[in-house]
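Enquirer: Dropping the structure in here first, questions after.
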Amino acid sequence: MKWKIIYGIIFLLGMPELFAQQPDSVLLTGREIISKQLEHLEEESEAGIDFSELTAGLDYFLENPLNLNEADKSELKKLVFLTDIQIKNLIDYRKKYGIFYSIYELKAIDGLGRNTLEKIMPFVVVKPVVKRSFNHRRLLRGKHELILRYQRKLGTPAGYRIPTDSLQADKSGSFYLGDPNRYYLRYRYKLYNKMSIGFLAEKDPGELFFNVPSYLAQPIKEQLDRPAGFDFYSFHLGFEDLGLIRKIILGDYHVRFGQGLVLWSGLSFSGGSDPSTLKRYAPGISPNTSVNEGLFMRGGALSMAWKRLEFSIFYSRKKTDANIVIRNSKEEASSLPSGGYHRTLNELHDKNALMQQHYGGHITYSHEHFRIGITAFETVFDIDLVRDDIPSNMFRFRGRENLNTGIDFDILLKKTNLFGELAYSINGGWAILAGLTHNTDNGSIITILYREYRHQYQNLMAQAYGKRDGNANERGIRIAMEMPLFRTFVIQVSADHYSYPWLTSRSINTFRGQDHYVLLGYRPARNTELNLRYRYKNGDIKSNDNLSWFDELRNEKKHNFRFMIRYAGSPYFSFKSQAEYTLINSGNSVERSSGGMILQDVYFHPPAIPVKLTFRYALFNTDGYGSRIYAYENDVLYASSMPAYYGKGFRYYILIRYSPRKWLDAWLRFSMTNYTDRKTVGSGLEEMEGNKLPEIKVQLRIKL
């Protein structure tokens, strides 16, 4: 206990020095860790998915580190890098020895290895516990945050070239109705973890704003209602820890239970490179803070707890986008677009065309080492959802109503955590996911995840781990391991073998694939990090020789190599260099493609002025879109950017953050992609003349 006494003396006499960290180095390390967690979501980035829902929690902890002396189990799970075993060991250590006096005291906790400590370090802090009481007199003593954002491409895509009046009616789907500006407004009031009020509004490029433009022809105007300002609005009011009531939310919210096999609205970090992220940590009900327009509930949700039981109920009723068709004088929905874009007349006709309701509940019994939960919910549409009559759609959901139920479990042993979920749909389909996470004393982690989603399983709200949307028609097993080597090395290994037993839209045969991942990390000093990564993907894809659904399959092998070095030369200057190469082999030299990219990031914070500069310059050369390479980019707060680099050219961006006051932050971001192998950029309505793609983004944040 001698060292504990020494830590205590330092804690009392020199607390400010003990906790002082370089804000810039912490920020950059944290952003790099977040970027690694988003890499597996590269395809979703092209679909316009807003990742702020995932990164908002970690972004918040970067600016408001989680105090390890008062964090409970649910708050520690939000870090996503800790396993249940590590969380239990941390809490047990705190109960046995008292509060932490130094962040480095965490090294004494069993199973909390060096690599895990490095990942959580930017998001946590050790400081005295401050007891807070909540009453009605403190309702106005919370924190206000207001964010305003403006964004647009500095060019004229084809969608903004408006036809003449006489042609607009015949080409109503070939041009955008609104201007190319994106507007974003976010306000949130938060009182500790007790109360939250939030408001969101967004207008995407091409969507109408407050007025119908005068250049639209009269036949088009007659089909438009007066715009209500922003295209998307979201609001929530939530309270926590009100006696038996753990949470109550009115407005827009998310519902997440189990492993996501029965019910999970929104996104998840699950599927990343870290073994700790393969298991889902379900928060139950939580407010909606993103602008993903189809991935939330709207109505009310309530969660209550009594002793070892927790009970949640919810009801949601909201309109969603749908393609409406008339068959036999009857309206039916042929598909449910999820992009949230309402730029053309056709897209606007799909807006809020379908009324959907979700209602159900979840009950959980928890013990110190055991938890079991039951989930059930009903989905109801006001018109039938239909599918095209092709073999791959034979077992997909059709109709108006669907019932889903399931059981999830979690067993915590000394060093092993067993978890999983069994789900059932009313048509008789079922799905199962089961996993195991094992921790060793030196910080090694291994996770094994098995999944079998029958092709008859039907669920429109399932978001469990898998390679396909909908969690149906898939069987696979994934093994992921993280292990420290010597004192300065760490290795991550992952292997995922999966198959699609029934037909898919891409194949008339069953499908088999593999996804392997190896990362070797080396940290010779606290300010230096090197990574070497190799990824191998193997799977059958449809041949491009003809357009028939019965195309022959060819086996495609994809190799990806990446080398990264990050170095902080001083508290005010750092850089990151990265080189990446991709090779795709489809069986013969004609169908072989490759691509490479090198980039340089530079970060500079002049010590005399409140300005932070981030700059990137990247060169890329690929044979085409198939060999594209993704790279995460730093962006304004609560925004994300992960573009695909393909073709030949270079890209750069500069991000400036100006913070003249503690309550005021301003960002300016300019990016430019310059292609050297083409005369037009983009495709379809996004096509622009020339070989350049510039974009500007401005954001202002006020904190009170």
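Every read-out reported here was derived from the displayed coordinates using simple, explicitly stated rules and does not represent laboratory data. Keep in mind that what you see is a predicted model, and the values were worked out from it rather than measured. Ideal geometry is used to build each Cβ from the backbone, glycine not excepted, and the neighbour counts take in all protein chains shown.
Enquirer: How much mean residue ellipticity at 222 nm does the chain get from its helices, if each DSSP H run of length 4 or more adds -39500 (n - 2.57) and you divide by all residues, to the nearest 500 deg cm²/dmol?
Expert: Rounded to the nearest 500, it is -3500 deg cm²/dmol.
Enquirer: Given a Förster distance of 25 angstrom, what is the FRET efficiency for I598 paired with K537, based on the Cβ-Cβ distance and rounded to 0.05?
Expert: The computed FRET efficiency comes out at 0.70.
Enquirer: By counting other Cβ atoms within 10 Å of each Cβ, how are V255, V212 ranked from fewest to most?
Expert: V212, V255
Enquirer: For segment 310-350, just say rounded, prolate or oblate: build the C-alpha gyration tensor, square-root its eigenvalues into a ≥ b ≥ c, call rounded for a/c under 1.5, and beyond that prolate if a/b exceeds b/c, oblate if not.
Expert: Oblate is the answer for segment 310-350, as a/c is 1.5 or above yet b/c matches or exceeds a/b.
Enquirer: Using the Cβ atoms and a cut-off under 11 Å, what net charge is assigned to the surroundings of G690, where Lys and Arg are +1 and Asp and Glu are -1?
Expert: +1
Enquirer: Could you tell me which residue out of L76, Q86, N64 lies farthest along the dipole of segment 59-108 toward its positive end? Charges go on the beta carbon: Lys and Arg +1, Asp and Glu -1, centred on the Cα centre.
Expert: Going by the charge dipole, the pick is Q86.
Enquirer: Among (1) 0.98; (2) 1.05; (3) 1.15, which one is Cα Rg over 2.2 N^0.38 Å computed from these coordinates?
Expert: Checked against the structure: label (1).
Enquirer: What does the charge dipole of segment 567-649 about its Cα centre add up to, to the nearest 20 debye, if the Cβ of each Lys and Arg holds +1 and the Cβ of each Asp and Glu holds -1?
Expert: It comes to approximately 120 debye.
Enquirer: Also, I was wondering about something else. Kindly state, to the nearest 0.05, the FRET efficiency for I91 paired with T440, given R0 = 22 Å and r defined as their beta-carbon distance.
Expert: Working from the Cβ atoms, E equals 0.70.
Enquirer: Could you order peptides 314-326, 338-350 by the average number of other Cβ atoms within 10 Å of their residues, highest first?
Expert: Ranking, from highest mean packing down: 338-350, 314-326.
Enquirer: Still on this structure, please answer the following. What relative contact order, as a whole-number percentage, does the chain give when Cα pairs under 8 Å and 6 or more residues apart are counted?
Expert: It comes to 11 percent, rounded to a whole number.
Enquirer: Past the 19 Å Cα-Cα mark, which pairs from K576/K648; K78/K119; K279/K415; K537/K576?
Expert: K576/K648; K537/K576
Enquirer: Can you pull out the trypsin sites (Lys or Arg not before Pro) in segment 160-265 whose DSSP state is coil and whose Cβ has at most 13 other Cβ atoms within 10 Å?
Expert: Qualifying residues, ordered by number: R161, K171.
Enquirer: Mind checking the dipole of the chain: about its Cα centre, +1 per Lys or Arg Cβ, -1 per Asp or Glu Cβ, Debye to the nearest 20?
Expert: 2480 debye
Enquirer: Next question. What does the C-alpha gyration tensor say about the overall shape of segment 91-247? Classify as rounded when a/c is under 1.5, otherwise prolate if a/b is larger than b/c, or oblate.
Expert: Prolate is the answer for segment 91-247, as a/c is 1.5 or above and a/b outweighs b/c.
Enquirer: Estimate the FRET efficiency between L460 and I326 by the formula 1/(1 + (r/R0)^6), using the beta-carbon distance for r and 25 Å for R0, to the nearest 0.05.
Expert: Efficiency computed from Cβ-Cβ geometry: 0.65.
Enquirer: I need F51, F575 ordered by Cβ neighbour count within 10 Å, fewest first.
Expert: By the 10 Å Cβ count, ascending: F575, F51.
Enquirer: I would also like to ask the following. Could you name the lysines whose alpha carbon sits less than 22 Å from that of K351, not counting residues in the same chain fewer than 8 places away?
Expert: K351 reaches K171, K203, K221, K318, K319, K330.
Enquirer: Here's a follow-up. Give me R114, R701 ranked fewest to most by other Cβ atoms within 10 Å of their Cβ, as a rough exposure proxy.
Expert: So the residues, fewest neighbours to most, are R114, R701.
Enquirer: Return the tail of the calculated pair distribution for segment 569-681, meaning the percent of Cα-Cα pairs more than 15 Å apart.
Expert: Looking at segment 569-681, the distances longer than 15 Å represent 69 percent of pairs.
Enquirer: Using alpha carbon centroids, what distance separates segment 587-636 and segment 649-674, in Å?
Expert: Rounded to whole Å, the Cα centres lie 16 Å apart.
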